[in-house]
Amino acid sequence: MTAYCSNMWWPPTESVGGLLNSAIFFAFSALTLYNFMSAIFEGPGYLPTQWKPAQPEDATYLQYCNTCQGYKAPRAHHCRKCGQCVLKMDHHCPWINNCVGHCNHAHFTAFLFWAVCGCLQASVVLSCSLYRALNRVWYIYYGNGTEPLVVLSVYALIFCVFCLGLSVGVVLAVGMLLYFQLRSIIRNQTGIEDWIVEKAHHRRDPGDPKFVYPYNLGWMNNLKQVLNWTCDPVGDGITWPVAQGCDQYTLTREQQQQKCEKRQRTRMYTVVENYSGSWVPITKGWRVLCHPPFTDEPRIPLQKGNTILVTRWRRLVL
(Lines give C-alpha, C1' and ligand atoms only; values in the text may rest on other atoms or scores of the structure.)
Protein backbone atom coordinates (compact mmCIF):
# COMPACT_ATOMS: atom_id res chain seq x y z
CA MET A 1 0.00 0.00 0.00
CA THR A 2 2.91 2.35 0.70
CA ALA A 3 4.37 1.68 -2.74
CA TYR A 4 0.96 2.24 -4.33
CA CYS A 5 0.49 5.58 -2.58
CA SER A 6 4.08 6.66 -3.24
CA ASN A 7 3.52 6.36 -6.99
CA MET A 8 0.85 9.05 -6.70
CA TRP A 9 2.09 11.18 -3.80
CA TRP A 10 5.76 11.34 -4.86
CA PRO A 11 6.13 9.54 -8.21
CA PRO A 12 9.61 7.97 -8.55
CA THR A 13 9.59 8.50 -12.31
CA GLU A 14 9.21 12.28 -12.08
CA SER A 15 11.90 13.37 -9.62
CA VAL A 16 15.09 12.23 -7.95
CA GLY A 17 13.46 12.73 -4.56
CA GLY A 18 10.61 10.41 -5.45
CA LEU A 19 13.04 7.80 -6.73
CA LEU A 20 15.08 7.99 -3.52
CA ASN A 21 11.92 7.77 -1.40
CA SER A 22 10.82 4.54 -3.10
CA ALA A 23 14.34 3.08 -3.16
CA ILE A 24 14.85 3.73 0.55
CA PHE A 25 11.50 2.18 1.40
CA PHE A 26 12.26 -0.99 -0.58
CA ALA A 27 15.73 -1.11 0.99
CA PHE A 28 14.16 -0.95 4.47
CA SER A 29 11.77 -3.72 3.49
CA ALA A 30 14.53 -5.94 2.11
CA LEU A 31 16.75 -5.43 5.17
CA THR A 32 13.83 -6.19 7.47
CA LEU A 33 13.03 -9.45 5.68
CA TYR A 34 16.68 -10.48 5.45
CA ASN A 35 17.37 -10.01 9.14
CA PHE A 36 14.04 -11.56 10.08
CA MET A 37 14.83 -14.73 8.12
CA SER A 38 18.41 -14.74 9.42
CA ALA A 39 17.21 -14.52 13.02
CA ILE A 40 14.94 -17.50 12.38
CA PHE A 41 17.25 -19.83 10.50
CA GLU A 42 20.60 -19.00 12.08
CA GLY A 43 19.13 -19.58 15.51
CA PRO A 44 20.51 -18.50 18.88
CA GLY A 45 23.23 -21.14 19.11
CA TYR A 46 22.81 -24.19 21.29
CA LEU A 47 25.05 -25.77 23.88
CA PRO A 48 26.15 -29.27 22.80
CA THR A 49 24.27 -32.10 24.49
CA GLN A 50 26.06 -33.50 27.56
CA TRP A 51 28.43 -30.52 27.59
CA LYS A 52 31.05 -30.38 30.34
CA PRO A 53 33.65 -27.70 31.17
CA ALA A 54 37.22 -28.29 30.04
CA GLN A 55 38.38 -28.38 33.67
CA PRO A 56 36.35 -30.98 35.62
CA GLU A 57 36.72 -29.04 38.87
CA ASP A 58 34.84 -26.10 37.30
CA ALA A 59 31.67 -28.21 37.18
CA THR A 60 31.05 -27.34 40.85
CA TYR A 61 30.30 -23.76 39.78
CA LEU A 62 27.75 -24.74 37.14
CA GLN A 63 24.14 -25.90 37.18
CA TYR A 64 23.23 -29.27 35.71
CA CYS A 65 20.51 -29.63 33.05
CA ASN A 66 18.65 -32.91 33.47
CA THR A 67 17.02 -32.60 30.05
CA CYS A 68 20.26 -32.11 28.10
CA GLN A 69 22.22 -34.37 30.48
CA GLY A 70 25.00 -31.84 30.74
CA TYR A 71 26.13 -28.71 32.52
CA LYS A 72 24.92 -25.22 31.65
CA ALA A 73 27.72 -22.96 30.43
CA PRO A 74 27.87 -19.42 31.84
CA ARG A 75 25.00 -17.32 30.45
CA ALA A 76 23.33 -20.43 28.95
CA HIS A 77 19.77 -21.36 29.93
CA HIS A 78 17.46 -24.19 28.99
CA CYS A 79 14.46 -23.29 26.83
CA ARG A 80 11.47 -25.59 27.28
CA LYS A 81 10.04 -24.64 23.89
CA CYS A 82 13.28 -25.28 21.99
CA GLY A 83 14.15 -28.28 24.15
CA GLN A 84 17.83 -27.31 24.35
CA CYS A 85 20.22 -25.15 26.35
CA VAL A 86 20.60 -21.82 24.54
CA LEU A 87 23.84 -19.81 24.51
CA LYS A 88 23.40 -16.38 26.13
CA MET A 89 19.65 -16.77 26.05
CA ASP A 90 17.71 -13.50 26.14
CA HIS A 91 14.15 -14.73 25.60
CA HIS A 92 12.04 -17.03 23.43
CA CYS A 93 10.38 -14.94 20.73
CA PRO A 94 7.09 -16.25 19.28
CA TRP A 95 7.43 -13.98 16.22
CA ILE A 96 10.54 -15.80 15.00
CA ASN A 97 9.47 -19.09 16.63
CA ASN A 98 12.95 -19.34 18.11
CA CYS A 99 15.07 -18.06 20.94
CA VAL A 100 17.06 -14.84 20.81
CA GLY A 101 20.57 -15.67 21.90
CA HIS A 102 24.26 -15.46 21.15
CA CYS A 103 24.22 -16.19 17.41
CA ASN A 104 21.12 -14.29 16.27
CA HIS A 105 20.99 -11.38 18.74
CA ALA A 106 22.45 -8.94 16.19
CA HIS A 107 20.10 -10.09 13.40
CA PHE A 108 17.09 -9.85 15.71
CA THR A 109 18.04 -6.32 16.78
CA ALA A 110 18.67 -5.31 13.15
CA PHE A 111 15.29 -6.76 12.19
CA LEU A 112 13.59 -4.59 14.83
CA PHE A 113 15.54 -1.50 13.75
CA TRP A 114 14.81 -1.76 10.03
CA ALA A 115 11.17 -2.68 10.68
CA VAL A 116 10.72 0.47 12.75
CA CYS A 117 12.49 2.58 10.09
CA GLY A 118 10.36 1.14 7.28
CA CYS A 119 7.10 1.52 9.16
CA LEU A 120 8.00 5.05 10.22
CA GLN A 121 8.51 5.99 6.57
CA ALA A 122 5.31 4.15 5.64
CA SER A 123 3.40 6.10 8.30
CA VAL A 124 4.57 9.38 6.76
CA VAL A 125 3.78 8.32 3.18
CA LEU A 126 0.36 6.90 4.04
CA SER A 127 -0.70 9.82 6.22
CA CYS A 128 0.37 12.39 3.59
CA SER A 129 -1.32 10.40 0.85
CA LEU A 130 -4.49 10.09 2.91
CA TYR A 131 -4.49 13.85 3.52
CA ARG A 132 -4.02 14.56 -0.20
CA ALA A 133 -6.78 12.11 -1.15
CA LEU A 134 -9.30 13.53 1.31
CA ASN A 135 -8.55 17.10 0.12
CA ARG A 136 -8.26 16.28 -3.57
CA VAL A 137 -11.10 18.59 -4.62
CA TRP A 138 -9.55 21.54 -2.78
CA TYR A 139 -6.21 21.02 -4.56
CA ILE A 140 -8.01 20.84 -7.92
CA TYR A 141 -9.72 24.21 -7.45
CA TYR A 142 -7.29 26.14 -5.30
CA GLY A 143 -3.92 24.49 -5.90
CA ASN A 144 -1.21 25.81 -8.17
CA GLY A 145 -1.46 22.81 -10.45
CA THR A 146 1.88 21.33 -9.51
CA GLU A 147 0.67 19.27 -6.54
CA PRO A 148 0.39 15.55 -7.24
CA LEU A 149 -3.17 14.24 -7.08
CA VAL A 150 -3.79 11.17 -4.93
CA VAL A 151 -6.91 9.31 -6.01
CA LEU A 152 -8.09 6.49 -3.74
CA SER A 153 -11.14 4.34 -4.34
CA VAL A 154 -13.30 3.27 -1.42
CA TYR A 155 -11.41 0.00 -1.02
CA ALA A 156 -8.04 1.72 -1.42
CA LEU A 157 -9.06 4.29 1.19
CA ILE A 158 -10.00 1.51 3.63
CA PHE A 159 -6.71 -0.29 3.01
CA CYS A 160 -4.78 2.96 3.40
CA VAL A 161 -6.33 3.67 6.81
CA PHE A 162 -5.83 0.05 7.89
CA CYS A 163 -2.18 0.00 6.83
CA LEU A 164 -1.57 3.38 8.45
CA GLY A 165 -2.85 1.96 11.73
CA LEU A 166 -0.60 -1.08 11.36
CA SER A 167 2.43 1.07 10.59
CA VAL A 168 1.92 3.34 13.58
CA GLY A 169 1.32 0.30 15.76
CA VAL A 170 4.58 -1.30 14.65
CA VAL A 171 6.50 1.92 15.27
CA LEU A 172 5.17 2.11 18.82
CA ALA A 173 5.19 -1.57 19.82
CA VAL A 174 8.31 -2.74 17.99
CA GLY A 175 10.03 0.55 18.79
CA MET A 176 9.56 -0.18 22.48
CA LEU A 177 10.96 -3.69 22.02
CA LEU A 178 13.91 -2.21 20.10
CA TYR A 179 14.57 0.16 23.00
CA PHE A 180 14.72 -2.74 25.47
CA GLN A 181 17.02 -4.72 23.17
CA LEU A 182 19.41 -1.80 22.73
CA ARG A 183 19.41 -1.21 26.47
CA SER A 184 20.20 -4.89 26.98
CA ILE A 185 23.10 -4.72 24.50
CA ILE A 186 24.53 -1.50 25.96
CA ARG A 187 24.53 -3.05 29.43
CA ASN A 188 25.54 -6.49 28.08
CA GLN A 189 22.77 -7.91 30.22
CA THR A 190 20.06 -10.22 28.86
CA GLY A 191 16.47 -10.23 30.04
CA ILE A 192 17.13 -13.34 32.14
CA GLU A 193 20.25 -11.79 33.64
CA ASP A 194 18.24 -8.67 34.56
CA TRP A 195 16.20 -10.87 36.87
CA ILE A 196 19.29 -12.57 38.32
CA VAL A 197 21.04 -9.26 39.01
CA GLU A 198 17.89 -7.77 40.55
CA LYS A 199 17.64 -10.70 42.97
CA ALA A 200 21.38 -10.46 43.68
CA HIS A 201 20.99 -6.86 44.84
CA HIS A 202 17.74 -7.53 46.68
CA ARG A 203 18.98 -10.47 48.76
CA ARG A 204 21.99 -8.60 50.14
CA ASP A 205 21.89 -6.55 53.32
CA PRO A 206 22.77 -2.83 53.15
CA GLY A 207 26.18 -3.42 54.74
CA ASP A 208 27.15 -6.32 52.44
CA PRO A 209 29.47 -5.84 49.44
CA LYS A 210 27.51 -5.05 46.31
CA PHE A 211 27.23 -7.63 43.57
CA VAL A 212 29.36 -6.74 40.54
CA TYR A 213 27.87 -7.83 37.24
CA PRO A 214 30.83 -9.47 35.45
CA TYR A 215 29.95 -8.87 31.77
CA ASN A 216 29.56 -5.08 31.74
CA LEU A 217 32.74 -3.87 29.98
CA GLY A 218 31.55 -0.36 29.20
CA TRP A 219 28.91 0.59 26.65
CA MET A 220 31.26 0.72 23.67
CA ASN A 221 32.79 -2.72 24.27
CA ASN A 222 29.35 -4.10 25.04
CA LEU A 223 28.05 -2.85 21.69
CA LYS A 224 30.99 -4.36 19.83
CA GLN A 225 30.24 -7.77 21.32
CA VAL A 226 26.88 -7.89 19.51
CA LEU A 227 26.58 -5.29 16.75
CA ASN A 228 28.83 -5.23 13.70
CA TRP A 229 28.43 -4.82 9.93
CA THR A 230 28.07 -8.55 9.31
CA CYS A 231 25.95 -9.32 12.41
CA ASP A 232 28.25 -12.29 13.07
CA PRO A 233 28.51 -13.36 16.73
CA VAL A 234 31.74 -12.55 18.56
CA GLY A 235 33.25 -15.40 20.55
CA ASP A 236 32.15 -18.99 21.10
CA GLY A 237 29.25 -18.20 23.43
CA ILE A 238 30.84 -20.14 26.28
CA THR A 239 33.87 -18.13 27.38
CA TRP A 240 33.29 -14.41 27.93
CA PRO A 241 35.49 -11.40 28.69
CA VAL A 242 34.73 -10.21 32.21
CA ALA A 243 35.20 -7.05 34.25
CA GLN A 244 38.15 -6.58 36.57
CA GLY A 245 37.80 -8.52 39.80
CA CYS A 246 35.41 -11.09 38.28
CA ASP A 247 35.91 -14.50 36.69
CA GLN A 248 34.03 -16.79 34.34
CA TYR A 249 31.86 -18.16 37.14
CA THR A 250 30.96 -15.00 39.08
CA LEU A 251 27.38 -15.05 37.78
CA THR A 252 26.95 -18.83 37.99
CA ARG A 253 28.00 -18.87 41.64
CA GLU A 254 25.43 -16.16 42.32
CA GLN A 255 22.82 -18.29 40.56
CA GLN A 256 23.72 -21.29 42.73
CA GLN A 257 23.35 -19.23 45.91
CA GLN A 258 19.97 -17.95 44.73
CA LYS A 259 18.85 -21.51 43.97
CA CYS A 260 19.97 -22.58 47.45
CA GLU A 261 17.94 -19.80 49.08
CA LYS A 262 15.00 -20.71 46.87
CA ARG A 263 15.06 -24.30 48.12
CA GLN A 264 15.28 -23.10 51.73
CA ARG A 265 12.08 -21.06 51.46
CA THR A 266 10.15 -23.89 49.79
CA ARG A 267 6.68 -24.44 51.22
CA MET A 268 4.65 -27.61 51.10
CA TYR A 269 0.97 -27.51 50.17
CA THR A 270 -1.76 -30.11 49.85
CA VAL A 271 -4.08 -29.87 46.84
CA VAL A 272 -7.72 -29.45 47.90
CA GLU A 273 -9.35 -29.48 44.44
CA ASN A 274 -8.73 -31.28 41.16
CA TYR A 275 -7.34 -29.18 38.31
CA SER A 276 -6.98 -30.30 34.71
CA GLY A 277 -4.10 -27.98 33.85
CA SER A 278 -6.22 -26.02 31.37
CA TRP A 279 -5.26 -22.46 30.43
CA VAL A 280 -8.99 -21.61 30.55
CA PRO A 281 -10.22 -22.97 33.93
CA ILE A 282 -13.91 -22.17 33.42
CA THR A 283 -15.02 -24.65 36.10
CA LYS A 284 -13.11 -22.71 38.78
CA GLY A 285 -15.25 -19.61 38.45
CA TRP A 286 -14.94 -16.24 36.76
CA ARG A 287 -12.57 -14.81 39.36
CA VAL A 288 -9.96 -17.48 38.65
CA LEU A 289 -10.60 -17.31 34.90
CA CYS A 290 -10.08 -13.53 34.76
CA HIS A 291 -6.91 -13.52 36.90
CA PRO A 292 -4.40 -15.76 35.08
CA PRO A 293 -0.75 -15.66 36.16
CA PHE A 294 1.39 -13.49 33.86
CA THR A 295 3.79 -16.24 32.80
CA ASP A 296 4.22 -18.63 29.89
CA GLU A 297 5.10 -21.53 32.18
CA PRO A 298 3.01 -24.68 31.61
CA ARG A 299 -0.05 -25.34 33.78
CA ILE A 300 0.31 -28.46 35.92
CA PRO A 301 -2.61 -30.94 36.27
CA LEU A 302 -3.36 -31.59 39.94
CA GLN A 303 -5.30 -34.23 41.82
CA LYS A 304 -6.95 -33.68 45.19
CA GLY A 305 -4.64 -34.86 47.94
CA ASN A 306 -1.41 -34.34 45.97
CA THR A 307 1.49 -32.71 47.78
CA ILE A 308 3.29 -29.94 45.92
CA LEU A 309 6.38 -27.89 46.74
CA VAL A 310 6.05 -24.16 46.05
CA THR A 311 9.15 -21.97 45.77
CA ARG A 312 7.48 -18.76 44.54
CA TRP A 313 4.25 -17.28 45.71
CA ARG A 314 2.47 -14.00 46.20
CA ARG A 315 0.51 -13.00 49.27
CA LEU A 316 -3.14 -12.46 48.41
CA VAL A 317 -5.12 -9.58 49.89
CA LEU A 318 -8.71 -10.68 50.47
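The values are calculated or read from the model by the stated rules, or taken from the named source; none is laboratory data. Source: prediction; values computed, not measured. Positions of Cβ are backbone-derived with ideal geometry, glycine not excepted, and every protein chain shown enters the neighbour counts.
Identify, please: which residue in region 300-318 is closer than 21 Å to Arg263 by Cα and at pLDDT 80 or above and is, among those, surrounded by the most Cβ atoms within 10 Å (Cβ to Cβ)?
My answer is Asn306.
Among the residues of region 267-295 satisfying the criterion of being assigned to a helix (DSSP H, G or I) and either touching a strand residue (DSSP E or B) at 6+ places or on another chain (Cβ under 7 Å) or not charged (D, E, K, R) (or both), which is farthest from Asn306 (Cα to Cα)? If you could, list the steps in order and put the result at the bottom.
In the first step, residues of region 267-295 are kept if they are assigned to a helix (DSSP H, G or I); the result is 282-284, 286-289.
So of that shortlist, the ones also either touching a strand residue (DSSP E or B) at 6+ places or on another chain (Cβ under 7 Å) or not charged (D, E, K, R) (or both) come out as 282-283, 286, 288-289.
Working: Ile282: 21, Thr283: 19, Trp286: 24, Val288: 20, Leu289: 22 Å.
Per the stated criteria, the residue is Trp286.
In region 131-161, which residues are assigned to a helix (DSSP H, G or I) and touching a residue at least 60 places away in the same chain (Cβ under 8 Å)?
Arg132, Ala156, Phe159, Cys160
What residue, of Gly83, Gly43, Gly101, is small (Gly, Ala, Ser) and over 30 Å from Ala27 (Cα atoms)?
Being small (Gly, Ala, Ser) and over 30 Å from Ala27 (Cα atoms) holds for just one of Gly83, Gly43, Gly101, which is Gly83.
Would it be correct to say that Ala73 is touching a strand residue (DSSP E or B) at 6+ places or on another chain (Cβ under 9 Å), small (Gly, Ala, Ser) and either assigned to a loop (DSSP other than H, G, I, E, B) or loosely packed, with under 12 Cβ neighbours inside 10 Å (or both)?
The answer is yes for Ala73.
Please work out if Leu227 is under 22 Å from Pro44 (Cβ atoms) and either in contact (Cβ under 8 Å) with a residue 60 or more places away in the chain or not assigned by TED's automatic domain parsing to the domain that holds Pro74 (or both).
yes
Quick test for you: out of Tyr131, Tyr155, Tyr141, pick the one residue that is closer than 30 Å to Trp95 by Cα, in the same structural domain as Leu33 (by TED's automatic domain parsing) and not acidic (Asp, Glu).
On inspection, the qualifying residue turns out to be Tyr155.
Quick check: is even one residue across region 10-26 closer than 24 Å to Ile96 by Cβ, in contact with a helix residue (DSSP H, G or I) (Cβ under 7 Å, 6 or more places away or on another chain) and in contact (Cβ under 8 Å) with a residue 60 or more places away in the chain?
yes
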